[in-house]
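Values in this text are rule-based calculations from the coordinates and carry no lab data. None of these values were measured; they are calculated from a predicted model. Note that we place each Cβ from the backbone using ideal geometry, even for glycine, and neighbour counts take in every protein chain shown.
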Amino acid sequence: MAAPALLPGLGRLFEMPATLVHVSRAYSKPQAFTEVLQLPKRQLTKFVFPLQELQRHLLSDSSSDLHLKTFDPSLEDIARAESFFTATAWNRIEYLSSAVHLDHAPDLPRPEGHTKKMNFFKVGKYFTLVDMPGYGYRAPEDFVDMVETYLKERKNLMRTFLLVDSVVGIQKADSIAIEMCEELALPYAMVLTKIDKSSMGHLLKQVLQIQKFVNTKTQGCFPQLFPVSAVTYSGIHLLRCFIANITGHLKT
């Protein structure tokens, strides 16, 4: 079974905390995609394809920098992908195990253990998602060694997702993770979080800076960025569709 992702904050792919239901923002809880499809066209585009909405506010010479169509599924594709992430009696999404030490990780050789938790989630019969704590300032000193060992040993790893705070852009800790992926020649993608926290102008500036970095400073990074919000749920459906696609279960 494919292990597609190193993805801090994994729970947002499956469900939102109940405390967010009453947030005074539009679409502040996960909606069935059938409900999303009922939105007016512009709201639908903004909700499902946030990069396309950003493009509307760019000059023509700048909009070409964004790789909007590298992954360009139809709404029907996205609707099909949703079935993988919807828990039913026939499609169970299970907490598989936790690894407090790296040598506790399933199906891995036993290197010297490192102290940090990795969580494994089995998504139906399709793939396993690996949720790892962030690599920022709260990470222990040996965190990089733990992650690097896992990435080297896991032969069926399909993709690594690096979560970058869109409010502050790429920071030193992000650069360490990017350098690791590049040195190991791992395919990875950048997910830009907290897109609801900034003004349109600030978000555009950050997205263009990060896109320029991806275009000029990386080789293994998927060229298209995935901006998302855990509050409005914007961009989440597209990201889930991408995961279904790269694991071979949804060919667009």
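Taking θ = phi - 60°, what integer Hz values does the Karplus form 6.51 cos²θ - 1.76 cosθ + 1.60 yield along the stretch 181-197, in sequence order, with x for Gly and Pro?
Residue by residue, the stretch 181-197 yields 5, 5, 5, 8, 6, 9, x, 9, 9, 9, 10, 8, 8, 6, 5, 7, 8 Hz.
Residues of the stretch 203-224 with the amide nitrogen closer than 11 Å to a label point 7 Å from the Cα of H57, along Cα-to-Cβ, please.
What the label zone holds, given the 11 Å backbone N cut-off, is 203-207.
Calculate how large, on average over all directions, the projected area of the Cα convex hull of the stretch 167-212 is; give the answer in nm² to one decimal. Don't jump to the answer; show the numbers that get you there.
Values: hull surface 13.5 nm².
For the stretch 167-212, averaging the hull's shadow over all directions gives 3.4 nm².
What is the extension gain from L37 to L68, computed as 0.36 nm multiplied by their sequence separation minus the C-alpha to C-alpha distance, in nm to one decimal? Please report the intermediate quantities before stating the final value.
Values: separation 31, 0.36 × 31 = 11.16 nm, distance 2.02 nm.
Roughly 9.1 nm would be gained on extension.
Subtract the Cα-Cα distance of A87 and N156 from 0.36 nm times their separation in residues, and report this length gain in nm to one decimal. The partial results should precede the final answer.
On the way: separation 69, 0.36 × 69 = 24.84 nm, distance 2.40 nm.
Extending this stretch completely gives an extra 22.4 nm.
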